[in-house]
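Okay, so here's the structure we're looking at.
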Amino acid sequence: MKDVLIIEDDAVLNRFLSKHVREMHLEVSSFQSWGAVDAYLREQEPALIVSDIRLPDGELAQRLPQLVELCPVIVLTAYGSIRSAVDAMKAGASEYLTKPVSPEELTLVIRKVLEASKLRLDHQYCKRRLKATEGCFSYMIGESSALREVQNMVEAVATSDMTVLIQGESGTGKELVARALHDASNRAARNFVAVDCCTLQETLFESELFGHERGAFTGADKQKKGLIEAAEGGTLFLDEIGEIALPIQAKLLRVLETGTFRRLGGVKDLKADARIVAATNRDLEAMSGAGDFRSDLYFRLSPFVITTPPLRDRREDIPHLVHHFLERHDFSSRINRKVTQAAMRTLTAHDWPGNIRELKNAVERAVILSRGKPRIGVEHLGFLHRRGSEACMRLEFDHDPSLEEIESRYLEQQLRKFAGHRSQVAQVLGISERNVYRLIKRYGLTEVAG
Ligand SMILES: Nc1ncnc2c1ncn2[C@@H]1O[C@H](COP(=O)(O)OP(=O)(O)OP(=O)(O)O)[C@@H](O)[C@H]1O
Ligand SMILES: [Mg+2]
């Protein structure tokens, strides 16, 4: 159970409050200074705070905005200082108690505030849960124009039966696009059958894909239908198509050309009613030029190509994705985690060679490293720096530079990195776009800024 924090510098009153709260069967931690409170909050999250307005080392007013984000706050005010109670309520405090505090009033107010907070948590939990499950269906998170274009293409081609080739680096969401295509098609009620061309052995591939007749080979004691039949009326997703061996390529070409196939050992031409969607992270065109992939098959596979953009080309999607992955992670643990601005800048600046999958793993790792704390900071992302050389930029000077020189050089580097996109540079630098603009002018970098 989480603690109730009693923050009151008057030792007698502090003891009195703690005693009564304990009698409500609640855990209590009591403090007489902000220094001690800060140390506690670095490690733990309270359920409720009961705090005096003024402590020897500072005012509650300065801390209230951060505290109310953590949990409800009840303010203790001296008789006659109703003004400060009103201010505290305006700043987000839940209730106030006037000294001298009666035990009945204390109990009543604490019960009321805890009950309201529980209801709010339940409500948030349900909302987040809904959103997270919605996420399974609403697929692609992100607002960038590059992602919009992918979504538009999916929408445009989904209801036709056209073969679609999805190209993109590893982890950019090719499979997600394939599923979206299926779900938006008229075939959505039937199966989406994914075949990983990478892992299927060449010898097994044919019988897995097309099935086999009884006696087709030793051990084939009964007829078996292949995956292409499982996908009948639905979608057959050929993942990593660039990996299939040339003999199988010939068989696949036949399916695409004639719309028919034969089971292994069979003589009948069976109709293939599966929409084919293929994906690859390789350059099929170059491969077909080099003779590693049949060019006639490439031609048949690529009447409609969707290219999934790498994450580094749409950095504005990173914060959305981070929140999305955190939400999915958090809704089961009921913790509402936040990412500090500096951590978000680190995440946005990273180049993500493994794209969205790598980002997803990084968020999960940071959650583990943050050990149940509700805040994810740069210190939980150390692993990003250690590995990436691209992630860390180096500024070199042949003399001791002034701050302005560093600022100007760093800005120039970032402008080059983001091809002059001011909004993205602003994100990384943690300043407003307007300020980026101001600095560009001050340092005469308009040319770099494009
Ligand atoms: N736009 C997105 N919004 C939310 N999650 C995404 C998005 N794009 C990808 N993902 C998630 O990222 C992970 C990788 O996506 P996916 O498996 O589709 O990539 P891929 O291109 O097929 O990768 P590979 O080439 O390695 O097979 C998955 O967990 C997927 O759910
Ligand atoms: Mg994939």
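The values are calculated or read from the model by the stated rules, or taken from the named source; none is laboratory data. Being a predicted model, the structure only gives us computed values, none of them experimental. Because the Cβ atoms are built from the backbone with ideal geometry, glycine has one as well, and the counts that use them run over all protein chains shown.
Remarks
- So Lys2, is it free of Cβ contacts under 8 Å to residues at least 12 places away in the same chain and under 22 Å from Pro103 (Cα atoms): no
- Any hit, the range 270-283, residues being in contact with a helix residue (DSSP H, G or I) (Cβ under 6 Å, 6 or more places away or on another chain), among the basic types (Lys, Arg) and buried (at least 17 other Cβ atoms within 10 Å of the Cβ): no
- Entirely in the range 336-450, the helices (runs of 4 or more DSSP H) that have 1 or more residues that are among the acidic types (Asp, Glu): 355-369, 403-417, 433-442
- Any hit, the range 115-129, residues being modelled with pLDDT of 90 or more and not assigned by TED's automatic domain parsing to the domain that holds His323: no
- Search result, residues across the range 233-258 that are closer than 25 Å to Gly291 by Cα and of a type in the set (Gly, Ala, Ser): Gly242, Ala245, Ala250
- Flag for Pro309 being within 11 Å of ligand 1 (Cβ to nearest atom) and surrounded by fewer than 21 Cβ atoms within 10 Å (Cβ to Cβ): yes
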